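Structure first, commentary second.
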Amino acid sequence: MSVRAFSQGGAVERGDYVEPAGDRRSAARVPLRALVLGGGGILGAAYEIGALAALEERRGSGSIYRDFDIFVGTSAGAFVAALLAQGIAVRDLFDGFRSGGDLSLDQRDVYRIDWKRFLGGARSLAAGLARSVVEELRRGRRPSLVRLFLRAQDLLPAGFIRLDGLEVALCRIFARRGVSNRFADLSKALFVPALDIERTERIVFGEPEESEPTICQAVAASCALPRFFGPVRVGRRLLVDGAIGGSVNVDIALEKGATHVLVINPIVPLCSGSDGSRGSDHCRSMSKAGLGQVLDQCLKIEHEAGLRSALEVAHMRSPEATLLLLEPARRAMFSEGPMDYDARARVLDLGYSATALKLAGAAALFDGFFGNPALCEGHMRRTSPTR
């Protein structure tokens, strides 16, 4: 488990921590705490729930809802944040993800194939490739597999899996728990970002101008991960995953006045290739990996770069704020793809055990984050980096 802290008044980075320097200009401010949850598919949600279960176990039942004022959830993190902002205990989520019950997600809720789109795409692909071959022959050229492959990408639909199942499942959970599906009804602030791919701009559900769509609609839009799901239309907007570009959207929490922000990022590259944290054999095995594994690794590297950049920018723009980042150690990162439903129990346990271990080793850091800010700062000065 990696923990990073960005704190008041300028910083000098040391491994997993960024030490504060200078005076604490916001010492008199009333703390406003935000929980920011990143994306990562079904396994990203499982890791976050496991990590939060360990934190809630340390601080007491219901503490996540009690301790945080602002919830920001992106992609899979939007699903988790939407439930936490309603006061649902993390332990209930943990048990639901593992064993079922009213908080569980059935595999059919996550993987609902759009057969009409699938079959229509297959017909369009076959017809389009046939036309391409005929055109190549008419021009006196031998049909090129490379050109046909590139052409095929344009003929396929944007996604074969529908997200309305996830939307219905979340609404079903809300109904069973007797909680609202409207942003305006929440006692806590909830923000769910998504990307408008036509206007190429981020929108944030939960903002006054974007509070009309339901929470379920917002979560489905934020979860529309390309490769798996097609874009989701909400009103006149065509939306995809809010994590596109590698951001966990920590800036939303800071813009809302958060003084203390806990970011949980469940996705890191499998190995660095420099420190051999998972062993050089594992790193070399990527050369034999299939297309899906290579693409996943590249997306994780891109995500990591975007996240680091976003945190640095956030620190420069809000130097008075304290940021903590929790994420898996690279040597412990799960190797399954983000949508591997069958691995969710193992990743739940991974998130729980890694976070429990970190809480035991850096108790003062976390207690300071939730209680005495001076304790948090003093602990960061004394603690040597760990991974």
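Taking the Cβ of Val80 as the center, what net charge do the other residues with Cβ under 14 Å away carry, scoring Lys and Arg +1 and Asp and Glu -1? Provide the component values of the computation, followed by the final result.
On the way: positive: Arg91, Lys188, Arg344; negative: Glu48, Glu56, Asp92.
Net of charged neighbours comes to 0.
Counting alpha carbon pairs within less than 8 Å and at least 6 residues apart, what relative contact order, in whole percent, applies to region 44-115?
On the way: 62 pairs, mean separation 22.1, N = 72.
After rounding, I find 31 percent.
FRET efficiency for Arg227 and Ala364, Cβ-Cβ distance as r, R0 = 45 Å, nearest 0.05?
The pair Arg227/Ala364 has a calculated efficiency of 0.60.
Hey, rough spin-label estimate for Arg91 and Arg182, points 7 angstrom out along Cα→Cβ, what's it come to in nanometres?
3.3
At 7 Å along Cα-to-Cβ for each site, give me the label-to-label distance between Val168 and Glu135 in nm.
My value for the distance between the label points is 3.9 nm.
For region 325-370 and region 55-73, what is the separation of their Cα centres, given in Å?
First find each Cα centre; the distance between them is then 16 Å.
Among rounded, prolate and oblate, which fits region 26-113 when a ≥ b ≥ c are the square roots of the eigenvalues of its C-alpha gyration tensor, a/c under 1.5 means rounded, and a/b larger than b/c means prolate? Don't skip to the end; give the middle numbers.
Details: a/c = 2.58, a/b = 1.71, b/c = 1.51.
Prolate is the answer for region 26-113, as a/c is 1.5 or above and a/b outweighs b/c.
With all protein chains present and a 1.4 Å probe, how do Met339, Met333, Met316 order by accessible area, largest first? Please list the in-between numbers first.
Numbers: Met339 25, Met333 5, Met316 140 Å².
Final ranking, largest accessible area leading: Met316, Met339, Met333.
Can you work out the Karplus-derived ³J(HN,Hα) for every residue in region 299-315? Use 6.51 cos²θ - 1.76 cosθ + 1.60 with θ = phi - 60°, whole Hz, and x for glycine or proline.
Karplus-based 3J(HN,Hα) across region 299-315 equals 5, 5, 5, 4, 4, 4, 4, x, 5, 4, 5, 5, 5, 5, 5, 4, 5 Hz.
Given a Förster distance of 22 angstrom, what is the FRET efficiency for Glu312 paired with Glu255, based on the Cβ-Cβ distance and rounded to 0.05?
Numbers: r = 17 Å, r/R0 = 0.76.
Between Glu312 and Glu255 the formula returns 0.85.
What order do you get for 219-225, 319-325 when each peptide is scored by the mean count of other beta carbon atoms within 10 Å, highest first? Before the final figure, lay out each step's value.
Values: 219-225: 29.1, 319-325: 21.4.
Peptide ranking by packing, descending: 219-225, 319-325.
Work through the residues other than Gly60 whose Cβ is under 15 Å from its Cβ and net out their charges, Lys, Arg +1 and Asp, Glu -1. Please list the in-between numbers first.
Values: positive: Arg58, Arg59, Arg66, Arg91; negative: Glu56, Glu57, Asp67, Asp92, Asp367.
Summing Lys/Arg as +1 and Asp/Glu as -1 gives -1.
Normalised by the residues of region 187-275, what does the relative contact order come to in percent, with Cα pairs under 8 Å and at least six apart?
Working: 103 pairs, mean separation 21.3, N = 89.
It comes to 24 percent, rounded to a whole number.
Give the accessible area for Ser309 in Å² (nearest 10); use a 1.4 Å probe, count only protein heavy atoms, and leave out ligands, DNA and RNA.
Ser309 exposes around 60 Å² with every protein chain in place.
May I ask for the net charge around Ala184, where only other residues with Cβ less than 15 Å from the Cβ of Ala184 are counted and Lys, Arg are +1 while Asp, Glu are -1? Mind dumping the intermediate values first?
On the way: positive: Arg182, Lys188; negative: Asp185, Glu207, Glu209, Glu210, Glu212.
Neighbourhood net charge equals -3.
Sort Cys271, Cys298, Cys171 by heavy-atom solvent-accessible area, probe 1.4 angstrom, most to least. Don't skip to the answer; put the middle values down first.
Details: Cys271 15, Cys298 75, Cys171 45 Å².
Highest to lowest solvent-accessible surface, that is Cys298, Cys171, Cys271.
Using every pair of alpha-carbon atoms in region 230-273, split the distances into 10 Å bins beginning at 0 and state the percent of pairs per bin, rounded to integers.
Each 10 Å bin holds this share of Cα pairs: 20, 33, 34, 12, 1.
If I ignore ligands, DNA and RNA and count only protein heavy atoms, how much of Lys188 is accessible to a 1.4 Å probe, in Å² to the nearest 10?
Answer for Lys188: close to 40 Å² accessible.
In nm, what is the difference between 0.36 nm times the number of residues separating Tyr341 and Ser99 and their Cα-Cα distance? Mind showing how you got there, number by number?
Values: separation 242, 0.36 × 242 = 87.12 nm, distance 1.29 nm.
Taking 0.36 nm per residue and subtracting the Cα distance, the gain is 85.8 nm.
The values are calculated or read from the model by the stated rules, or taken from the named source; none is laboratory data. These numbers come from a predicted model, not from an experiment. Cβ coordinates were reconstructed from backbone atoms using ideal geometry, including for glycine residues, and neighbour counts include every protein chain displayed. All accessible areas refer to the heavy atoms of the entire protein, side chains included, with ligands and DNA or RNA removed. Shrake-Rupley method; radii C 1.70, N 1.55, O 1.52, S 1.80 Å.
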